Amino acid sequence: MMAAIVASQNGNQVILLEKMKSLGRKLLITGKGRCNITSSLGMDEFIKNTPGNGKFLYSCYQNYTNQDIIQFLKEEGLEVKEERGNRIFPVTDKSQDVLKCFTKKLKEQKVDIRYDTEVTKLLIEQKDNSNKIIGVETNHGKIQADKVILATGGKSYPLTGSTGDGYHLAKEVGHTITEIKPSLVPLETHDKETCKTLQGLSLRNVAIKLIDTETNKEIYKDFGEMLFTHFGVSGPIILSASSHLVRYKKIEEKLKNKHISLTIDLKPALVEEKLDERVLRDFQSMPNKQFKNGLDKLLPQKMIPIMIEKSGIYLNKPINAITKEERRKLVKLLKNFTVTIKEFRPIEEAIITSGGITIKEINPKTMQSKKVEGLYFAGEIIDVDSYTGGFNLQIAYSTGYTAGLLEN
């Protein structure tokens with residue numbers, strides 16, 4: 001949509017081909033239906049928050065910034081607000097309102113939108129040992145064009161139309177596609193029973209670490225919110241962790257051999273010594289209670305049976321009989337609650353796709369193909385991806401804007 005708007009503003013006659021019955025299906029589900037438009041961080045921070053080839057986006061991010069998208073929405077009558085984690089949302093909390101701004105602009109620009117139109121082939125002609133785009137073939141026949149922008153998305157959330165078609169189209173005209181993997185995706189654990197017991201429990205303000213237990217290397221750490229599910233773990237910090245894990249060397253082998261552990265610090269604000277003092281105070285205030293009734297102030301109710309089991313302390317043991325060693329073991333457990341990661345959830349459940357058209361074959365200043373003259377790329381189809389927090393949508397606007405400039 002962004003590419004079509006910019007291309008038409010530059011005086012081109014633009015046709016937008018959409019294989020679904022409506023535009024922006026994926027935009028509508030972002031930010032849990034509220035649309036996390038972008039981040040308020042500086043554009044240099046966007047590159048740092050893009051583990052998947054962030055530096056490639058330098059020119060695009062300069063061309064079209066987070067302030068530009070905010071201004072665009074404002075001009076279309078939609079105000080935004082900032083929430084924790086530098087996240088920018090529409091004041092209405094409705095992604096539908098963001099989509100309306102785009103569709104209104106497309107209408108103003110008289111972009112010819114054709115729905116239920118699936119591109120099946122890119123048409124090229126060879127001239128003087130080089131390839132040039134001359135149009136596309138669709139399920140409704142051929143369309144001539146001297147420039148084509150491929151912005152078909154990745155392979156995640158296929159119900160929105162994002163089914164990986166663009167990879168095949170690009171590959172047919174000589175482009176290389178790097179391995180397609182899920183990114184920003186929930187993780188399955190080997191500790192199914194533990195996670196199933198804790199299913200639905202959301203933990204806020206916890207610290208996590210992903211550790212390669214074979215080499216004792218820390219792969220990733222973060223702080224924030226996570227969630228236990230029937231299969232393992234999810235939530236913002238887990239999704240960000242997954243985009244690091246997907247790039248880790250020999251990851252499939254490591255997961256198979258149970259070498260990747262997720263350690264959760266349930267009380268990150270307190271060092272072990274201070275937490276021990278806090279637990280001791282709690283215990284001293286209720287000496288005659290049983291252990292199973294002495295953890296209410298420390299933990300969410302759902303977690304207490306699991307912690308009792310892992311601590312090895314008898315659940316009916318009087319609190320005044322708990323030894324210093326037992327208490328220290330409990331403290332260590334609170335600081336290092338660990339599960340072992342088994343695998344990534346399927347790509348269909350991923351927020352975004354890692355992998356795509358290799359950046360080596362795209363001009364970063366124009367988004368034009370280095371292999372086919374007149375062919376441009378925008379968005380998730382390119383091998384670039386970021387953490388959660390509005391960064392991936394900004395990639396879409398910035399690459400779409402740059403591709404829409406249609407410079408040769």
**Asked** If you go through the range 289-302 one residue at a time, do you hit one that is assigned by TED's automatic domain parsing to the domain that holds ASP222, small (Gly, Ala, Ser) and either closer than 27 Å to ILE238 by Cα or surrounded by fewer than 18 Cβ atoms within 10 Å (Cβ to Cβ) (or both)?
**Response** no
**Message:** Can you tell me how many residues within the range 48-96 are more than 30 Å from ILE362 (Cα to Cα) and either without any contact (Cβ under 8 Å) to a residue 40 or more places away in the chain or in contact with a helix residue (DSSP H, G or I) (Cβ under 6 Å, 6 or more places away or on another chain) (or both)?
**Reply:** 14
**Request:** Considering only the range 171-180, state which residues are modelled with pLDDT of 95 or more and either on the phi > 0 side of the Ramachandran plot or touching a Lys or Arg at 6+ places or on another chain (Cβ under 9 Å) (or both).
**Result:** GLU172, VAL173, GLY174, HIS175, THR176, ILE177
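Does LYS171 count as in the same structural domain as GLN368 (by TED's automatic domain parsing), among the charged types (D, E, K, R) and crowded, with 19+ Cβ neighbours inside 10 Å? Full working, then the answer.
Numbers: in the same structural domain as GLN368 (by TED's automatic domain parsing): yes; among the charged types (D, E, K, R): yes; crowded, with 19+ Cβ neighbours inside 10 Å: no.
So LYS171 does not fit the description; no.
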**Request:** Scan ILE260, ILE238, ILE264, ILE306 and give me the residue that is touching a strand residue (DSSP E or B) at 6+ places or on another chain (Cβ under 9 Å), among the β-branched types (Val, Ile, Thr) and over 20 Å from THR197 (Cβ atoms).
**Result:** ILE260
**Prompt:** Just checking, which of GLU348, GLU407, GLU373 is modelled with pLDDT of 95 or more and not basic (Lys, Arg)?
**Reply:** GLU373
**Request:** Assess whether SER183 counts as being among the polar types (S, T, N, Q) and modelled with pLDDT under 95.
**Result:** yes
**Request:** Please enumerate the residues belonging to the range 109-125 that are of a type outside the set (D, E, K, R) and either out of contact with any strand residue (DSSP E or B) (no Cβ under 8 Å at 6 or more places or on another chain) or closer than 12 Å to LEU16 by Cα (or both).
**Result:** GLN109, VAL111, ILE113, TYR115, THR117, VAL119
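For the condition under 18 Å from ILE351 (Cα atoms), of a type in the set (S, T, N, Q) and free of Cβ contacts under 8 Å to residues at least 60 places away in the same chain, what is the one hit in THR229, THR215? First the steps, then the outcome.
Details: THR215 fails: under 18 Å from ILE351 (Cα atoms).
Among THR229, THR215, only THR229 is under 18 Å from ILE351 (Cα atoms), of a type in the set (S, T, N, Q) and free of Cβ contacts under 8 Å to residues at least 60 places away in the same chain.
Can you tell me which residues in the range 261-271 are of a type outside the set (D, E, K, R) and either loosely packed, with under 14 Cβ neighbours inside 10 Å or touching a residue at least 60 places away in the same chain (Cβ under 8 Å) (or both)?
Let us first name the residues in the range 261-271 that are of a type outside the set (D, E, K, R), namely 261-264, 266, 268-271.
Passing the criteria: SER261, LEU262, THR263, ILE264, LEU266, PRO268, ALA269, VAL271.
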**Filtered residues of the range 169-186 (kept if in contact with a helix residue (DSSP H, G or I) (Cβ under 6 Å, 6 or more places away or on another chain) and over 17 Å from ILE359 (Cβ atoms))** = PRO182, LEU184, VAL185
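Return a yes/no flag: does the range 121-135 have any residue that is of a type in the set (S, T, N, Q), surrounded by fewer than 16 Cβ atoms within 10 Å (Cβ to Cβ), at negative phi and assigned to a strand (DSSP E or B).
Yes, the range 121-135 contains a residue that is of a type in the set (S, T, N, Q), surrounded by fewer than 16 Cβ atoms within 10 Å (Cβ to Cβ), at negative phi and assigned to a strand (DSSP E or B).
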**Request:** Could you pull out the residue among LYS274, LYS258, LYS329 that is farther than 28 Å from SER183 by Cα, touching a residue at least 12 places away in the same chain (Cβ under 8 Å) and under 40 Å from the mean Cα position of the chain (by Cα)?
**Result:** LYS329
**Fill in**
The residue from TYR376, TYR397, TYR401 that alone is buried (at least 18 other Cβ atoms within 10 Å of the Cβ), closer than 24 Å to GLU179 by Cβ and under 29 Å from the mean Cα position of the chain (by Cα) is TYR376
**Request:** Could you figure out which of (1) more than 12 Å from PHE377 (Cβ to Cβ); (2) outside any helix (DSSP H, G or I) isn't true of ILE149?
**Result:** (1)
**Prompt:** Given the range 316-408, what strands (runs of 3 or more DSSP E) lie entirely inside it while holding 3 or more residues that are in contact with a helix residue (DSSP H, G or I) (Cβ under 8 Å, 6 or more places away or on another chain), among the hydrophobic types (A, V, I, L, M, F, W, C) and farther than 24 Å from PHE102 by Cβ?
**Reply:** 337-344
**Message:** From the list LEU298, LEU315, LEU393, LEU334, exactly one residue is free of Cβ contacts under 8 Å to residues at least 40 places away in the same chain, under 30 Å from GLU83 (Cα atoms) and not acidic (Asp, Glu). Which is it?
**Reply:** LEU298
**Request:** State yes or no: is GLY166 in contact with a Phe, Trp or Tyr (Cβ under 9 Å, 6 or more places away or on another chain), closer than 23 Å to THR353 by Cα and assigned to a loop (DSSP other than H, G, I, E, B)?
**Result:** no
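The values are calculated or read from the model by the stated rules, or taken from the named source; none is laboratory data. From a predicted model like this one, the values you see are computed outputs, not experimental measurements. Every residue, glycine as well, gets a Cβ built from its backbone with ideal geometry; the counts of neighbours run over all protein chains shown.
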